[in-house]
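Have a look at the structure below before the remarks.
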Amino acid sequence: MGAVPADNRETFVAVQKNGDGDLTAFQTSSGRMLAYNEALQEVQAGRIAGVNAFKGRDGET
């Protein structure tokens, strides 16, 4: 599946954090709830607007 055109992409409208402050889940503009790994896949596929994934100092994306 290729990247979705920018005008059809969702955005993140809410996030959920755990007790350590780590992001664990995301809600999209269409109301979908995505676990962290699902959200990361959507971002890397270009289906979420306004978000970039990067590798942190700890080596995690």
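Whenever you get a sec, compute what percent of the accessible area on the chain sits on carbon and sulfur atoms (1.4 Å probe). Walk me through the numbers on the way to the answer.
Working: 2080 of 4450 Å².
Here carbon and sulfur together make up 47 percent of the probe-accessible area.
Here are a few candidate values for Cα extents along the principal axes in Å: (1) 34, 25, 17; (2) 59, 23, 21; (3) 41, 25, 11. Which one was actually calculated from the structure I just gave you?
Entry (1).
Which whole-number value in Å² is the accessible area per residue of the chain, probe 1.4 Å?
Values: 4450 Å² over 61 residues.
Here the per-residue accessible area is 73 Å².
Label-point separation (nm) for residue 30 and residue 18, each offset 7 Å from Cα along Cα-to-Cβ?
Taking the two extended label points, one gets 2.8 nm.
Sort 19-30, 48-59 by the packing proxy (mean of other Cβ within 10 Å over each peptide's residues), most packed first. Spell out each step's value before the answer.
On the way: 19-30: 12.0, 48-59: 10.1.
Going by the mean number of other Cβ atoms within 10 Å, highest first, we get 19-30, 48-59.
Could you give each residue of the stretch 43-58 its phi-based ³J(HN,Hα) in whole Hz, using Karplus coefficients 6.51, -1.76, 1.60 with θ = phi - 60°, and x for Gly or Pro?
5, 5, 7, x, 8, 10, 7, x, 9, 10, 9, 9, 8, x, 4, 7
Sum -39500 (n - 2.57) across every DSSP H segment of at least 4 residues in the chain, then divide by the residue count to get the 222 nm mean residue ellipticity, nearest 500.
Values: 1 runs with 9 residues, N = 61.
Calculated at 222 nm, the ellipticity per residue is -4000 deg cm²/dmol.
The values are calculated or read from the model by the stated rules, or taken from the named source; none is laboratory data. Worth saying up front: this structure is predicted, and the values here are computed from it rather than measured. As a convention, Cβ positions derive from the backbone with ideal geometry for all residues, glycine included, and neighbour counts pool all protein chains shown. Surface areas here come from the heavy atoms of the whole protein model, side chains and all, with no ligands, DNA or RNA. Shrake-Rupley method; radii C 1.70, N 1.55, O 1.52, S 1.80 Å.
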